[in-house]
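Only the coordinates and a few stated rules stand behind these numbers; no lab work does. Here the structure is a predicted model, which means the values were calculated and not measured. Ideal geometry is used to build each Cβ from the backbone, glycine not excepted, and the neighbour counts take in all protein chains shown.
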Amino acid sequence: MSSSALSLVAVPRSAFVCSNCAHESPRWHGRCPGCGEWNTLVEERAARGRAGGGPSSARDGGRPLRPVALSEVEAPAVERLSTGIAELDRVLGGGLVPGSLVLLGGAPGIGKSTITASALGHLAAAGRRTLYVTAEESTPQVRLRAQRLGEDALRVPIVADTDLEAVVATIEAEAPEVCVVDSVQTLHTEGLSGSPGTVGQVREVAGRLARVAKHRDVATVLVGHVTKEGSLAGPRVLEHLVDCVLQFEGERERAYRTVRALKNRFGSTNEVGVFEMGGSGLVEVVDASARFVSEATRAPGSVVLCAMEGSRPLLVEVQALVAPSELVPPRRVASGVDRNRLSLVLAVLARHGGAGLGSSDVFVSAAGGVRVEEPGADLAIAVALASAARGTPLRAGGGGAVAPTSAGGGAASADDRPLAAFGEIGLTGELRYVAHPERRIAEAAKFGLEPVLSPEGPARTLRQALGVALGAGGGRSARAAAYTHGGRGPGAARAEPASRPP
Ligand code: TYD
Ligand code: MG
């Protein structure tokens with residue numbers, strides 16, 4: 001086909017789109033007018049339809065539509081497709097929705113191809129029509145991986161090609177119920193200039209696959225690589241196109257990987273699935289709390305955080321290290337916890353907790369490669385830091401002063417159980433309520449980590465909480481008072497510890 005002849009008839013409109021902020025401009029600029037980044041504009045085909053660009057109206061021939069009451073809209077019960085991986089199903093909101101488009105993002109080597117191949121294997125074994133499109137690896141490479149994953153994964157039909165037109169034609173011909181495209185950045189279309197992986201290409205690839213997914217009712221999983229900055233390549237340009245954005249996280253060197261939904265039209269975005277990479281693929285970590293608690297070191301600077309991952313409580317060990325610094329400014333290293341929250345906690349500790357760490361290097365990490373970024377982690381970070389600074393271990397029950405109420409470790413083991421904590425810290429040093437306190441406390445109780453240091457207890461300020469966690473003065477009754485005890489115990493007076501913590 002002669003494209004130049006075509007261009008005389010219907011002038012092909014192209015637009016220049018910023019790969020950073022998705023700003024659209026009819027002309028190329030060296031610097032994006034939207035976000036000011038340099039060299040980020042790339043050419044792409046302009047949106048089709050509505051040639052004039054304006055909204056259609058009755059005057060220019062549009063037919064008015066008849067609105068219907070939402071209650072009259074038919075909502076067919078969709079049967080979800082189970083991926084056979086319970087943790088993944090839960091994050092998806094109960095399995096894949098037929099005809100939906102899911103973007104699975106993650107750093108190279110995190111396990112995207114592994115999890116999608118094993119999900120397709122389970123679906124194929126359950127009698128679903130599946131298709132694996134690899135544009136990144138050769139078919140023998142994919143076979144080698146599938147061998148490690150087991151029998152099921154070997155059933156999945158596979159094609160290897162990087163040409164979008166060929167892939168779309170294959171999907172239409174094969175009409176699978178579930179299709180994986182690995183990856184969206186390696187497919188390309190001839191219709192656009194630009195190499196594979198550029199924003200224009202990625203957007204076009206995803207757009208075409210989205211249309212096929214909807215028309216042919218193919219649940220499609222697009223695998224996408226994440227850029228260094230942590231955003232999906234072609235940032236933001238894909239998110240509105242797809243129904244669900246899943247982010248695969250964790251560090252390659254660490255055991256645990258998590259999958260969380262950043263966007264989900266068919267479920268909650270709070271759910272997190274925890275996995276572990278093993279010899280034969282990703283293994284679900286069903287009772288993640290048990291793992292993390294049993295691994296807790298109980299050394300100074302270690303505390304168990306009662307976090308919430310969506311609707312599920314999760315106990316995570318938070319560790320802190322405080323060391324004399326030779327640097328100005330000293331180091332603040334956060335891994336798995338929010339850096340900004342760490343800064344805030346450090347500031348409040350210095351101002352209201354009597355623990356200034358201005359001349360020390362500070363390291364805080366959530367053990368196991370888990371990421372906890374909720375404000376509910378503040379108190380755990382604070383007590384871990386104070387404990388590390390002082391070299392005093394934190395113990396549940398404050399040395400047996402408080403007998404646990406429910407089953408779990410008895411008084412004899414009280415000295416050996418790590419301290420569990422949660423709660424947000426306000427700028428004035430007060431402890432603040434966080435969501436689902438009862439579920440967090442119940443999860444800790446399951447492991448005998450009672451009582452829990454939290455805003456639910458009588459301690460109202462960080463200073464009071466530190467007083468009891470570190471046993472700095474206050475004595476046993478005050479120590480008991482600041483803990484949460486399921487219900488409030490007899491010693492629930494608001495006692496301000498007599499002496500200042502370090
Ligand atoms: P992969 O799924 O290819 O990652 P991605 O598609 O996200 O780039 O695999 C990730 C890593 O996991 C790879 O380095 C090899 C390792 N791995 C295992 O340790 N065990 C296994 O059973 C498999 C299949 C992979
Ligand atoms: Mg891969």
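Computed from backbone phi with θ = phi - 60° and the Karplus coefficients 6.51, -1.76 and 1.60, the 3J(HN,Hα) list for segment 138-150 is 7, 4, x, 4, 5, 4, 4, 5, 4, 4, 6, 7, x Hz; x is used for glycine and proline. Backbone amide hydrogens, once placed in the peptide plane, bring Arg31 within less than 5 Å of Asn39, excluding anything fewer than 5 places away on its chain. Phi angles across segment 113-129 convert, under the Karplus curve 6.51 cos²θ - 1.76 cosθ + 1.60 with θ = phi - 60°, into 3J(HN,Hα) values of 5, 5, 5, 5, 5, 6, 5, 4, x, 5, 5, 5, 5, 7, x, 8, 7 Hz, Gly and Pro given as x. Within a straight-line Cα-Cα reach of under 18 Å, Lys214 can be paired with the following aspartates and glutamates, leaving aside sequence neighbours fewer than 8 residues apart in one chain: Glu74, Glu79, Glu165, Glu172, Glu174, Glu177, Glu204, Glu239, Asp243.
Between Val452 and Thr484, Gly486, the built amide H atoms are under 5 Å apart, and every one of these is 5 or more places off in sequence or on another chain. Among 125-135, 456-466, sorting by the average number of other beta carbon atoms lying within 10 angstrom of each residue, highest first, gives 456-466, 125-135. Of the peptides 290-300, 69-79, the order by per-residue mean of other Cβ atoms within 10 Å, starting with the highest, comes out as 290-300, 69-79.
Placing unit charges on the Cβ atoms only, positive for Lys and Arg and negative for Asp and Glu, gives segment 157-197 a dipole magnitude near 140 debye about its Cα centre. Compared with the rule-of-thumb size 2.2 N^0.38 Å for a compact globular protein, segment 141-186 has a Cα radius of gyration ratio of 1.25. A simple packing score, the average count of other Cβ atoms within 10 Å per residue, orders the peptides 215-223, 103-111 as 215-223, 103-111, with the highest score first.
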